[in-house]
1. Find how much the distance from R131 to A86 grows on full extension, using 0.36 nm per residue of separation minus their present alpha carbon separation; answer in nm with one decimal.
2. Note the full-extension length gain between D164 and T176 as 0.36 nm times their separation in residues minus their Cα-Cα distance, in nm to one decimal.
3. Arranged by the count of other C-beta atoms within 10 angstrom, fewest first, what order do H97, H129 take?
4. With a 10 Å Cβ neighbour count serving as the proxy for reagent exposure, in which order, fewest first, do T62, T176 appear?
5. Counting Lys and Arg as +1 and Asp and Glu as -1, what is the net charge of the other residues whose Cβ lies under 11 Å from the Cβ of L133?
6. As a footprinting exposure proxy, order D76, D164, D224 by other Cβ within 10 Å, with the fewest listed first.
7. How large is ³J(HN,Hα) for each residue in the stretch 212-226, as worked out from phi by the Karplus curve 6.51 cos²θ - 1.76 cosθ + 1.60 (θ = phi - 60°), to whole Hz, x for Gly and Pro?
8. Checking the cross-link filter: which aspartates and glutamates have an alpha carbon closer than 18 Å to that of K250, excluding same-chain neighbours under 8 positions apart?
Amino acid sequence: NKLASQLSVVPIQFGQINPVPSSSAIPSQESLLTSSSLPTSLPFASSQPVPLPFPMSHGTTTLAFLFQGGVLAAADTRSSCSGLVACPASQKILPIHSHLVGTTSGTSADCALWKRILSRELRLYQLRHGRRLSTSGAAKLLSHMLHPFKGTELCVAATLCGWDGGELFYVCSDGTRLQGKLFSVGSGSPYAYSILDQGVQWGLTVAEATSIAREAVFRATYRDAYSGNCVDIYHITSKGWTRRRREDLKEDSKKSEAN
C-alpha cells in the first residue's frame, strides 16, 4: 500500500541544524562524520523549559456537523491569552484545499503552522497520484505527523471537515483521532452542545443549519469569557467550500439583553 508506506515516514524533519565550526577553516569529510559534530538534542527538547510570564489560558468555540446539505463549520473570532484579548478578529476556520477546511482550537501559531504543513502534504499527494486524499486519509496523516510531539508544549486541536467521507474527524496534538458527525471544541463547547444536541438533524435545510450554528456560537460567546466578537461560517459541499460574510455577535447580544 503506497499510502501506508508514505505514512510510515514522518513528512517533516525538525532539528536539522548544522553546528557552527569553531574555526574559519573548512571541516574535512571525516570530521563531519564524527559524532561530536552532530547536535545532541533537538532545539525544542530542552531539559529546562523556559518559564512563562503568566499562565497561557486558551479559549475558543468551534463546531462542525453533518446534514443533508453538506457540512457546516462555525467558529468565533476572539483569540485570548490568559485574561487578555490578543486578537478580536482571528480566523479559526482554515481552508486546507478546495474541498476541505479545518476548525482550529489551541495555540494560534501552532494551528496556522500545521495547517500549512498539512496543505503542503495534501498538495504533494495530489501531484503524485492525480487525485485528492480523502478526509479520512488527511486526518490519519495529520495524526501521524503530530504524534511525535506528544508531551511537548504543542497545542493543536482540529476538526477536519470534508464532503467526501460522510464523517468528520477530530485530531489532537497528542495523536488522538476521532470520527463522528458532530463536534464542538473549545472552552465554549459545553454551551454550544446545548444548542446543537437539540437542533441538529439530518433533514435540515442550509438556512436552518446556518441558523443553528450561528445560534450555538452566539450562546457560547455570551456565556464564555474567552469566546466572542464575530462568527465565521463555512459550508462544504461536493462543489467545494463557501464562506458566509463575517457577522458581529454584538448586535445579537444587544437584542438578547433587550428581550
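Quick note: the coordinates plus some simple rules give every number you see, no bench work behind them. Given the structure is predicted, the values throughout are model-derived calculations rather than measurements. We place every Cβ from the backbone using ideal geometry, glycine too, and count neighbours over all the protein chains shown.
1. Between R131 and A86, full extension yields an extra 12.3 nm.
2. Using 0.36 nm per residue and subtracting the Cα-Cα distance, I get 2.2 nm.
3. Fewest to most other Cβ atoms nearby, the residues stand as H129, H97.
4. Details: T62 28, T176 13.
Ascending number of Cβ neighbours within 10 Å: T176, T62.
5. Spelling it out: positives minus negatives among the neighbours equals +3.
6. D164, D224, D76
7. 5, 4, 5, 5, 5, 5, 4, 5, 5, 5, 6, 10, 9, 5, 8
8. D76, E215, D224, D232
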